[in-house]
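Only one structure is covered here, and it is reproduced in the block below.
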Amino acid sequence: MRIILLGPPGAGKGTHASRIEKDFGVVQVSTGDMIRSAIKNKTDMGKKANEYVQAGKLVPDDIVIGIVKERLLQDDVKDSFMLDGFPRTLEQAKALENILEEWGMHLDAVLYFDVNSDEVVRRLSSRRVCENCQATYNLISMPPRQEGVCDHCGGKLIQRTDDRPEVIKQRLETYEEQTRPLVEFYESKGLLHRVVSMGSIEDVAERVKEFLAGLNA
Ligand code: AMP
């Protein structure tokens, strides 16, 4: 299965990617996670990317396309993958199309997590992540068992610097301008599947599971 998870920040892509990984054994490829790890490790790419991430803007296409291409050459994603947070521009979508065509592969579906912007702001402001293992929590809908402590590894929970209100606003503008056009792009290719990402996580997970089970059948 080769799929893309599309949607605004806070739509639930990361949360559902972890569940899909468990339920269907598809490896999650998150450009956001790769970029954050490069920033943490102060690599050359990380140093270049940092200013864009902190400003709520997109990291330049050539950098992101490069890291995705390199990642997709690895063995664990040879037969199936789930892209989370990529593509985010038409340029990236076209580059991905060319790469897959060159490798004789095709996408099976693009899951579009549809959610309104009030809900996105509410989710992002209450999101916390483990600084150690990157597990994600939500103070309202998915709180940790013990306040401030990761259930999985005992690490400290922090707020992502780009989940601050002023950066959230910019990220949503960036999404509207640069990423939303991908909905139409994939719709025109007959690949888009809309998932209403409102209501409980369990309800959304059920919708996702039902669709992917059909895809796998
Ligand atoms: P995310 O964790 O997916 O919300 O990504 C966090 C930040 O990483 C974004 O706000 C961007 O600055 C950067 N980023 C992640 N994926 C991409 C992408 N496909 N293209 C450009 N920038 C990206």
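Over the range 9-157, what is the percentage of antiparallel beta bridges among all DSSP beta bridges, to the nearest 5?
Percentage antiparallel, nearest 5: 70.
Entry note, the chain: the mean residue ellipticity at 222 nm calculated from DSSP H runs of n ≥ 4, each adding -39500 (n - 2.57), is -14000 deg cm²/dmol after division by the residues and rounding to the nearest 500.
Taking 7 Å steps out from each Cα toward its Cβ at LEU215 and SER80 produces label points 1.0 nm apart.
In the range 119-187, which GluC sites (Glu not before Pro) are in a loop and have at most 12 other Cβ atoms within 10 Å, using DSSP for the loop call?
GLU147
Estimated at 0.36 nm per residue, the fully extended path between LYS57 and THR43 surpasses their Cα-Cα distance by 3.1 nm.
DSSP bridge analysis restricted to the range 108-206 gives an antiparallel fraction near 60%, rounded to the nearest 5. Would the range 110-217 count as rounded, prolate or oblate if I go by the C-alpha gyration tensor, calling it rounded below 1.5 in a/c and otherwise prolate when a/b exceeds b/c, oblate otherwise? Since a/c reaches 1.5 but b/c is at least a/b, the shape of the range 110-217 is classed as oblate.
Are any of the pairs LYS13/LYS209; LYS22/LYS189; LYS57/LYS169 more than 18 Å apart by Cα-Cα distance, and if so, which? Beyond 18 Å between Cα atoms: LYS22/LYS189. The convex hull drawn around the Cα atoms of the range 19-150, when projected onto a plane and averaged over every direction, covers 9.5 nm².
For the range 1-40, the residues whose backbone nitrogen is under 14 Å from a point 7 Å from the Cα of GLU131, taken along Cα to Cβ, are 40.
Can you bin the range 84-143 into rounded, prolate or oblate? Criterion: square roots of the alpha carbon gyration tensor eigenvalues sorted a ≥ b ≥ c, rounded for a/c under 1.5, prolate for a/b above b/c, oblate for the rest. Since a/c reaches 1.5 and a/b is larger than b/c, the shape of the range 84-143 is classed as prolate. Toward the positive end of the charge dipole of the range 147-217, with +1 on the Cβ of Lys and Arg and -1 on the Cβ of Asp and Glu, the farthest Cα among VAL196, ILE158, TYR186 is that of TYR186.
Each value in this text was obtained by applying a stated rule to the coordinates, not by laboratory testing. Predicted, not measured: the structure shown is a model, and the values here were computed from it. Note: ideal-geometry Cβ built from the backbone for every residue, glycine included; neighbour counts use all protein chains shown.
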